[in-house]
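Step one of this worksheet: look at the structure below.
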Amino acid sequence: MTDKMPSVAYFCMEYGLDTSFKIYAGGLGILAGDYLKGAKDTGYPIVGIGIKWKQGYTDQLIDEEGRPFDSYKNYHYDFLKDTGVTVKVKIRQRDVYCKVWLVDEFGNAPLYLLDTDIPQNEDRWICGQLYGWFGEERIAQEMVLGIAGVRALRSLGIKTDVYHFNEGHAVFAAFELIREKMQEGLSFEEAVRKTREEVVFTTHTPIKEGNESHYIDRLMYMGANNGLTVEQLVKLGGAPFNMTVAALRLSRISNAVAQLHCETSNKMWQDIKDRSEIIGITNAIHLPTWVDSRMLDAAEGKGDLWETHMDNKRKLIEFVKERTSIELDENALLIGFSRRAAPYKRSDLIFTDTNIIEPLLKERKIQIVFSGKAHPLDDTGKKIVENIVKIGKKYPQSVVFLENYDMTIGKMLTRGSDIWLNNPRRPKEASGTSGMKAAMNGVLNLSTLDGWWPEACRHGENGWQFGDGFVSPNEAEHDAHDVKALYKVLLEEVLPTYYDNRKKWKEMMKNSITSTRKYFAVERMLQEYYEKMYIK
Ligand SMILES: *Cc1c(COP(=O)(O)O)cnc(C)c1O
């Protein structure tokens with residue numbers, strides 16, 4: 001069956017395949033990594049295109065004063081396979097050579113990585129840091145991913161029916177597809193029309209400012225236009241040139257990453273003319289990577305659900321002790337929270353009212369383990385981390401911050417916590433796949449109705465929601481509403497169930513696993529991609 005399936009090249013700036021392979025930053029990369037693993041498991045004809053980052057994303061540690069600082073080193077990997085292919089792209093009038101590596105080490109479909117760190121380049125640092133720089137360097141990186149990425153497919157002889165851009169970073173790949181067609185004699189309009197037939201697009205951030213744009217002049221100067229004129233660029237992406245808008249115009253269909261996100265995205269981009277339709281295909285996870293199979297079995301009656309969970313909880317407690325010397329109590333409720341430090345995620349929401357939360361922390365009725373990085377250039381995000389660290393110092397027995405959030409921490413927390421707390425200011429969370437990992441490990445979600453959660457939540461049966469989907473243009477009002485709702489569910493439902501009704505808790509754990517394990521598994525997502533996006 002699979003050889004009749006369209007072959008797909010998936011473009012993404014980052015891939016989270018393994019904790020040791022530092023070419024990912026966060027959720028976008030985790031999705032891409034899980035996607036490639038799912039593609040391998042199901043045998044779909046998919047390859048990935050990405051960048052071999054020299055330093056990856058930041059290693060973010062906490063200094064003596066409790067402030068985050070960034071640290072970088074050059075990483076070397078023994079498992080990269082030399083394809084023998086090098087492609088060329090002109091950046092700032094200079095030839096940049098991109099060596100192409102193959103990665104197939106992690107149970108993933110073939111991933112081809114472009115690398116500028118080779119002796120014949122003057123610009124060896126283009127692929128230095130993932131999301132490390134803005135302006136010209138970011139454009140250069142995106143030219144490598146998009147333009148050199150398509151050239152790599154040609155040189156490798158990989159036949160491609162569908163080009164899937166995961167996020168707008170990859171949109172210059174469409175410029176290369178257009179250039180190829182115009183070189184064969186097609187007009188710009190015809191080339192765009194034909195390119196659109198081959199491209200599909202996944203949009204991510206539902207915050208307008210989070211959608212990258214570049215000055216037209218700068219794109220021209222860099223050579224990112226790839227032969228297109230200023231007018232043609234403006235026609236595709238506006239001025240300044242918005243990468244998401246261009247991707248919406250250069251694709252035959254687009255998807256948002258959850259159903260609520262689909263609504264939000266359609267509203268957000270309603271004024272963009274000539275764009276592709278945005279449908280909702282909810283994200284999913286690769287179970288073998290994230291989920292303890294013993295928990296899946298136990299939910300089917302094969303094994304002891306509670307004992308297996310306690311085993312994972314003890315492992316987490318041990319892990320926390322090794323890293324921080326803080327020893328948590330296995331008999332007290334343990335809440336996990338790990339997120340990129342962004343204001344809308346409201347990491348410190350639960351601490352809003354000290355009169356309520358302080359006694360619970362002091363008596364150790366609640367323990368909270370936090371993790372998460374701020375973007376290296378985001379001072380607001382760094383303040384958020386600093387604040388959580390400070391709260392940890394105030395309640396050292398019950399609030400812990402784990403520095404340098406990565407796949408290892410993600411895995412430990414989504415297995416060993418009792419509760420997975422998630423409180424974004426709705427509807428700003430696109431999907432939130434960490435909640436799926438938790439749910440399938442029997443870690444109960446306690447979350448606002450954002451991202452994927454409205455699709456899965458059965459309040460009081462497989463987890464809890466709070467806030468009832470409230471939204472307000474007034475952030476203070478929104479936060480006040482949600483924190484009140486959080487306390488209510490926490491005090492009236494979560495704590496009594498955990499401490500006084502273990503039977504119900506276990507039932508909920510079981511429901512959490514059985515109600516999510518199939519639908520939020522990456523195989524379903526891949527099947528939807530094929531049915532709704534890849535197959536015409
Ligand atoms: C799962 C995971 C993510 C994505 O989770 P969100 O719910 O989107 O925050 C990000 N980073 C790491 C390390 C993960 O394991």
State yes or no: is residue 20 within 16 Å of the ligand (Cβ to nearest atom) and under 30 Å from residue 386 (Cα atoms)?
yes
Tell me, which helices (runs of 4 or more DSSP H) lie completely within segment 367-480 with 2 or more residues that are open to solvent by 40 Å² or more (accessible area, probe 1.4 Å), away from the ligand (no atom under 16 Å from the Cβ) and within 21 Å of residue 334 (Cβ to Cβ)?
379-394
For segment 207-240, what are the residues that are open to solvent by less than 20 Å² (accessible area, probe 1.4 Å), under 30 Å from residue 433 (Cβ atoms) and part of a loop (DSSP other than H, G, I, E, B)?
211
Within segment 342-363, of all residues that are closer than 23 Å to residue 410 by Cα and open to solvent by 30 Å² or more (accessible area, probe 1.4 Å), the one farthest from the chain's Cα centre (by Cα) is 348
So which residues in segment 318-340 are more than 16 Å from the ligand (Cβ to nearest atom) and either free of Cβ contacts under 8 Å to residues at least 12 places away in the same chain or touching a Gly at 6+ places or on another chain (Cβ under 8 Å) (or both), if there are any at all?
318, 321, 322, 325, 327, 331, 334
Kindly indicate the residue of segment 297-330 that is of a type in the set (A, V, I, L, M) and out of contact with any Pro (no Cβ under 7 Å at 6 or more places or on another chain) and also surrounded by the fewest Cβ atoms within 10 Å (Cβ to Cβ) among those meeting that condition.
310
Of all residues in segment 7-17 being part of a loop (DSSP other than H, G, I, E, B) and open to solvent by less than 10 Å² (accessible area, probe 1.4 Å), which is nearest to the ligand (Cβ to nearest atom)?
16
If you check residue 54 against the conditions, is it in the same structural domain as residue 251 (by TED's automatic domain parsing), under 23 Å from residue 340 (Cβ atoms) and either in contact (Cβ under 8 Å) with a residue 24 or more places away in the chain or open to solvent by less than 30 Å² (accessible area, probe 1.4 Å) (or both)?
yes
Scan segment 331-341 and give yes if some residue there is at pLDDT below 95 and either buried (at least 19 other Cβ atoms within 10 Å of the Cβ) or more than 22 Å from the chain's Cα centre (by Cα) (or both), otherwise no.
yes
Would you please name the residue that is surrounded by the fewest Cβ atoms within 10 Å (Cβ to Cβ), looking only at residues in segment 26-51 that are more than 16 Å from the ligand (Cβ to nearest atom) and part of a loop (DSSP other than H, G, I, E, B)?
43
The one condition in (1) under 15 Å from residue 50 (Cβ atoms); (2) free of Cβ contacts under 8 Å to residues at least 12 places away in the same chain that residue 190 fails to fulfil
(1)
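The values are calculated or read from the model by the stated rules, or taken from the named source; none is laboratory data. Keep in mind that this is a model prediction, so the values were computed, not measured. FYI the Cβ positions are ideal-geometry reconstructions off the backbone, even for glycines, and counts take in every protein chain you see. What goes into the accessible areas is simple: the full protein's heavy atoms, side chains included, and nothing from ligands, DNA or RNA. Shrake-Rupley method; radii C 1.70, N 1.55, O 1.52, S 1.80 Å.
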